[in-house]
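Let me begin by presenting the structure, written as structure tokens, before commenting on it.
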Amino acid sequence: MERSRKRLGTLKGRQVDVGALARVRRLLGNGPRRRDLLIEHLHGIQDAFGHLSAAHLAALASEMGLPMAEVFEVATFYHHFDVVKEGSKAPPSLTVRVCDSLSCEMAGAGTLLGKLQDTLGTEVRVVPAPCVGRCAAAPVAVVHRNPIEQATAEKVIKAVRSDRTECAIRDYIGYEQYRNEGGYRLLSRCLRGRVEREAIFMTMEQSGLRGLGGAGFPAGKKWRLVWSETAPRLLAINIDEGEPGTFKDRYFLEHDPHRLLEGAMIAAWAAGCSEIYVYLRDEYAGCRTILHHELAALERSPPCAIPPIHLRRGAGAYICGEESAMIESIEGKRGMPRLRPPFVAQVGLFGRPTLEHNMETCYWVRDIIEKGAHWFSGQGRRGRKGLRSFSVSGRVNRPGVHIAPAGITLNELIDEYCDGMLSGHSLYGYLPGGASGGILPASLANVPLDFDTLAPYGCFIGSAAVVVLSDQDRARDAALNLMRFFQHESCGQCTPCRVGTAKALKLMEAEQWDTALLEELSRVMADASICGLGQAAPNPVLSVINYFSDELQ
């Protein structure tokens, strides 16, 4: 029997739909089709159509000259892209996300999610979501891009049916006000040669300012290292604030965005960086609107020659808070952490030496240089240096961002800044550094909170996200919530993290924990994972075993 053959000249693979290609071209307009803009273009299509269809992905691949498989793997990597396969039904036009991370779970997010699914299930899509960066106002739901703080079913339903789906912008210090209050004078002096680069390095080093995204590397030293590398160099600002319990970066952006921008440009000048990339998590729609508006104002009337500043939008992936994964995402790829060395200061964004900073690190630059190193370094307690922005949530009367001296204890933080514990609650335990920083008991609430001080207890301060637990909570339940988060957010690149988080979660869901197996698994994850997600994911588990063993009886 003669084998059937394809007609000569027939193209293989998915063919590009002419209508879809026309729509994609209209969306992209005359803008560039560069590879690093893939995620930006995916956002543009989803914003326009509410999802990413197979036809649109094929059209985008054709327009950008990329393999369809590459476009598809990037689109399916990020949680906020709704990829609809051929023949499948598109999701509802409106999505309601209910945060189910620890602070929101403690405030009743599970009950809220169930009520909304029962009430709105036929009208909109209601789904659980990892931390949305509003832990002080838990529980939180997000109606499209509109966050509903201290959410109730009634509040969310009202927002859905009144079409309140966009984030409201709060009052903040805009460009004109910032300039009138002395803003950008320091930057102008630097760029006009009235400040010595070496003097800036010395001031930053003497201040004791360390990276405030969690790693704690000395900022001034990092500037020197990047300056010593061969040009061209780049600066990347990490505002992918996805650690459960953390919301300080959003707070600063919503109040004083130009302090970040001026600090970033001073850092770029000092380290010899020619361009700046700002990577902002997708959940912060209001901050993105503010930055778009204020960058436009800055470019219309610059105080001096300023470098190009590119605003890039994340797409819902906690792993992109890791510096090399963020760089991969800025380049339009999946947010997979890189193996090191080389370090990003040597080979970073687009293969160039890159100064990578957390947003808050840049926020303090202007004050430190204008007021002097001692102004910052003299703020700490118990021999520690500087100020820390604590994101406090949980069982306290006044949660929120509290700027306090480094080295303060939890007891002092609660009494002096948070107006004490909630009525009817007594301190039981706390997370000193967000989801990955471990859990400590109330008996250790007098340990200084700073870099290095928590290491003897198997914890770290990270981004200073403090979640306060009371006698009405269980550390075991908190650790289980955190492991669910890590399992969901693992990028899947390395086996110890991908398989380890899933296995740990299953073991922790059992009524009786196999502590020996959990400890062995934790060691493997900590020793063999590629990046900090897998390395730190076991910290809450080990904390429960070490400090809350009575809960495991």
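The values are calculated or read from the model by the stated rules, or taken from the named source; none is laboratory data. The shown structure was predicted, so the numbers you read here are calculated from the model rather than taken from an experiment. FYI the Cβ positions are ideal-geometry reconstructions off the backbone, even for glycines, and counts take in every protein chain you see. Keep in mind that these areas ignore ligands, DNA and RNA; they rest on the heavy atoms of the full protein, side chains included. Shrake-Rupley method; radii C 1.70, N 1.55, O 1.52, S 1.80 Å.
The simple spin-label model puts a point 7 Å past each Cα toward its Cβ; for residue 426 and residue 163 those points are separated by 5.4 nm. Candidate cross-link partners of residue 371 among the lysines, defined by an alpha-carbon separation under 18 Å and a same-chain spacing of 8 or more, comprise 385. Antiparallel beta bridges, as assigned by DSSP with both residues in the chain, represent about 40 percent of the total such bridges. Separation of the range 67-104 from the range 285-324 is 24 Å, based on Cα centroids. Taking the accessible area of the chain, probe 1.4 Å, and keeping the other protein chains in place, the carbon and sulfur fraction comes to 49%.
For the range 48-149, the ratio of Cα radius of gyration to the globular rule of thumb 2.2 N^0.38 Å stands at 1.27. Placing 43, 293 in order of accessible area, with the largest value first and a 1.4 Å probe, yields 293, 43.
Take every pair of alpha-carbon atoms less than 8 Å apart whose residues are at least six positions apart; their mean separation over the length of the range 302-410 yields a relative contact order of 13 percent.
Less than 5 angstrom separates the built amide H of residue 430 from those of 440, 469, all sequence-distant by 5 or more or on a different chain. What does the charge count around residue 164 come to, taking other residues whose C-beta lies under 11 Å from its C-beta (Lys +1, Arg +1, Asp -1, Glu -1)? Surrounding charge for residue 164 is +2.
Residues whose amide H falls under 5 Å from that of residue 236, counting only those 5 or more places apart or on a different chain, are 277, 355, 356, 357, with hydrogens built in the peptide plane.
Sorted largest first, the principal axis extents computed over the alpha-carbon atoms of the chain equal 84, 66, 49 Å. Once you have a ≥ b ≥ c as the square roots of the Cα gyration tensor eigenvalues for the range 252-291, tell me rounded if a/c is under 1.5, and otherwise prolate or oblate according to whether a/b is larger than b/c. It is oblate, given that a/c is not under 1.5 and a/b is not larger than b/c. Calculated FRET efficiency, residue 502 to residue 472, Cβ-Cβ distance, R0 = 35 Å: about 0.75 to the nearest 0.05. Taking amide H atoms as placed 1.01 Å from N in the peptide plane, the amide H of residue 210 lies under 5 Å from those of 219, each 5 or more residues away in sequence or on another chain.
With a ≥ b ≥ c taken as the square roots of the eigenvalues of the C-alpha gyration tensor of the range 224-308, please select rounded if a/c is under 1.5 and otherwise prolate if a/b is larger than b/c or oblate if it is not? Note, shape of the range 224-308 comes out oblate. Would you mind classifying the range 257-353 by shape? Square roots of the alpha carbon gyration tensor eigenvalues, ordered a ≥ b ≥ c; an a/c under 1.5 is rounded, otherwise it is prolate if a/b is larger than b/c and oblate if not. It is oblate, given that a/c is not under 1.5 and a/b is not larger than b/c. Averaged per residue, the range 184-315 has 34 square angstrom of accessible surface, using a 1.4 angstrom probe with ligands and nucleic acids left out.
Exceedance of the 31 Å cut-off in Cα-Cα distance is limited, within the set 85/248; 221/248; 115/333, to 85/248; 115/333. Protection proxy ranking, highest mean first, for peptides 445-453, 244-252: 244-252, 445-453, where packing is the per-residue count of other beta-carbon atoms within 10 Å, averaged.
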